[in-house]
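Presented below is the structure to which this report refers.
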Amino acid sequence: MKKMFTMLMMAMMAITFTSCEDEMIADTLEGTWSGNMYISSYWDGQIYDVTRTEITFDIDPFCFKSGSGYWVDYYHNAPWEYVANHIDWNVNNGVIHIYFIEDGDWIEISDYRLNSNRFYGTIYDGDNTVDFELYCTSRPHYDNYYWGYEGWYDEYYWARTRSAENDSTATVEKPKRFINKELKK
């Protein structure tokens, strides 16, 4: 009986430590990240490469290991300036899962390094993998809450409501994001 109790306690401690680690990862993710994401979009028979990606992770105040946010890919020489998606995300056993709401797609990030300034590693999308490198551009918990975070949202909102001919959300068929292995370094 004592042996079984000890094993049960060890299992509970392992779950607790994993949960705390997941919350620390989620807390570090919270904010806006920008940088290189070697992804492309396929649309109307053409492939267009992403020049920069911005991802905003907002933490759910009731579940400290998950949240929502935005993923915006910016393009050069494409029929649109950017493609934006709402995302839901969570951290489970150190693996970051991201769900693209408009696309209905999942990716996971399990091989990464993360600190308050830099987030880099490998994205797994089925059998496809790609390296990425992002830098933190703003955090909501710094002294001045309106510095960066709210300002980015206002710019994002303004960009989405500009003219329909430049807005990727106004196209009949949205470009399909995919990982382009040829863009890897």
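Within the set of other residues whose C-beta is less than 13 Å from the C-beta of T51, count the net charge using Lys and Arg as +1 and Asp and Glu as -1. Walk me through the numbers on the way to the answer.
Details: positive: R52; negative: D49, E54, D73, E81.
Every neighbour counted, the sum reads -3.
Count the net charge of all other residues whose Cβ sits under 11 Å from the Cβ of E21, scoring Lys and Arg as +1 and Asp and Glu as -1. Could the numbers behind the result be given before it?
Working: positive: K65; negative: D22, E23, D27.
With Lys, Arg at +1 and Asp, Glu at -1, the net is -2.
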What three numbers, in Å, describe the spread of the alpha carbons of the range 39-151 along their principal axes, ordered from the longest? 46, 32, 24
By per-residue mean of other Cβ atoms within 10 Å, what is the highest-first order of 74-87, 108-121? 74-87, 108-121
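How large is the convex hull of the C-alpha atoms of the range 82-130 per residue, in Å³? Numbers along the way, then the final one.
Working: hull volume 5.4 nm³, N = 49.
Hull volume over Cα atoms, normalised by residue count, gives 110 Å³.
Bear in mind these aren't lab numbers, they're just calculated from the coordinates by the rules spelled out. Remember, it's a predicted structure, so these values are computed and weren't measured experimentally. Cβ coordinates were reconstructed from backbone atoms using ideal geometry, including for glycine residues, and neighbour counts include every protein chain displayed.
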